[in-house]
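A short write-up of the structure that comes next.
The values are calculated or read from the model by the stated rules, or taken from the named source; none is laboratory data. Here the structure is a predicted model, which is why all the values come from computation and not from measurement. Cβ placement follows ideal geometry from the backbone for every residue including glycine, while neighbour counts extend to all protein chains displayed. All accessible areas refer to the heavy atoms of the entire protein, side chains included, with ligands and DNA or RNA removed. Shrake-Rupley method; radii C 1.70, N 1.55, O 1.52, S 1.80 Å.
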Amino acid sequence: MRVAIVTGASSGMGKEFSREIAHFYKHLDEVWIVARRAERLKVLADRIEKRTGTLVRVFDGDLAKDSVYEKMKEELLRRRPDLRILVNCAGFGKTGRVQEIDAGEQLGIIDVNCRALTRMTLLCLPYLSGGSRIINAASAAAFAPQPGFAVYAASKAYVKSFSYALGEEMKERGIYVTAVCPGPVDTEFFLRSGELPGEGRQLCRSDVKPVVRKALLDSAAKRQISVYGAPMKAARIFAKLLPDAAVAAVMKQVNHI
Ligand SMILES: NC(=O)c1ccc[n+]([C@@H]2O[C@H](COP(=O)([O-])OP(=O)(O)OC[C@H]3O[C@@H](n4cnc5c(N)ncnc54)[C@H](OP(=O)(O)O)[C@@H]3O)[C@@H](O)[C@H]2O)c1
């Protein structure tokens, strides 16, 4: 049985990945979708099933807690699927100065963006096989230290680094890992994170569809990184050229901190 797993499927990019994946991977038998908001997942599952005929299983739960992994482990053991693609998309951020943001919220960012993504990957690795893909939602925030978005940017630097290293390790098994590094994307993300100041960011904001489409195409092309749009490609080059201290000082100005 060929399966795709998508976390963060109740909203934004994860929802779009869930919708697109059944089209993109023609021979999938099931899509397993994960997030906390069960009602949204059920509605999405119904729509995908009606549109594509692919069965969708809902795993509602908090990725910062154990129970959702236990449910998934049980299903994996029972069904022993051929996992064609894992999309780790759940994540969130919080803007502001480190000393001013609630400590629990900041540690929660690390729990979901880093720990949960790693835990889900480790759980799924035995079920991936030659030609399987992992897509990890990193961010253009991974390119540079970001005063005003410090823990989030650091968490995404982890995702980018982990994805490159895992991809290298997985080459022998024919499994390809892509870190998706978009700039601002028009989703509910900013309702929770708060807005970073700066008109440039508003101008650079992308629609979710082309970002996800590019990520799927880059993953199919076995690319290690997917960066949508010229401004973010330029930001990546800029961050590579300057020392970290200089980039952090520039980002402090850009973020008005
Ligand atoms: N939007 C952007 O500008 C942007 C740019 C670069 C990268 N990214 C990254 O892309 C990914 C998707 O973001 P998005 O823009 O699509 O944001 P979004 O619309 O807010 O979606 C975030 C998803 O993560 C899930 N999630 C959050 N915490 C969770 C938890 N504890 N347990 C289970 N699920 C959890 C949410 O589901 P529930 O609330 O239902 O649990 C939701 O489905 C994130 O990793 C984000 O950091 C976003």
How many of the residues making up segment 140-195 are within 12 Å of the ligand (Cβ to nearest atom), open to solvent by less than 10 Å² (accessible area, probe 1.4 Å), modelled with pLDDT of 95 or more and among the hydroxyl-bearing types (Ser, Thr, Tyr)? 1
Condition first: within 11 Å of the ligand (Cβ to nearest atom) and open to solvent by less than 10 Å² (accessible area, probe 1.4 Å). Now tell me which residues in segment 121-137 satisfy that. ILE135, ASN136
Report, ordered by the first and then the second residue, all pairs with beta carbons closer than 9 Å, sequence separation of six or more or different chains, a first member in segment 34-50 that is within 21 Å of LEU117 (Cβ to Cβ), and a second member that is basic (Lys, Arg). ALA35/LYS15; ARG40/LYS15; LEU44/LYS15; LEU44/ARG19
Please name all residue pairs, on different chains or six or more residues apart, with Cβ atoms under 7 Å, provided the first residue is in segment 68-93 and is in contact (Cβ under 8 Å) with a residue 60 or more places away in the chain and the second residue is surrounded by 15 or more Cβ atoms within 10 Å (Cβ to Cβ) and in a loop (DSSP other than H, G, I, E, B). ARG84/TYR25; ARG84/LEU28; ILE85/TYR25; CYS89/GLY8; ALA90/GLY8; ALA90/LEU63; GLY91/GLY8; GLY93/PHE149
Residue under question is CYS204, and the condition is that it be within 12 Å of the ligand (Cβ to nearest atom), surrounded by 15 or more Cβ atoms within 10 Å (Cβ to Cβ) and more than 18 Å from the chain's Cα centre (by Cα); does it hold? yes
Would segment 147-160 turn up any residue that is of a type outside the set (S, T, N, Q), at negative phi and outside any helix (DSSP H, G or I)? yes
What are the pairs with Cβ atoms under 6 angstrom where one residue, in segment 9-28, is among the polar types (S, T, N, Q) and the other, located anywhere, is open to solvent by 10 Å² or more (accessible area, probe 1.4 Å) and more than 6 Å from the ligand (Cβ to nearest atom)? Sequence gap at least six, or different chains. SER10/ARG40
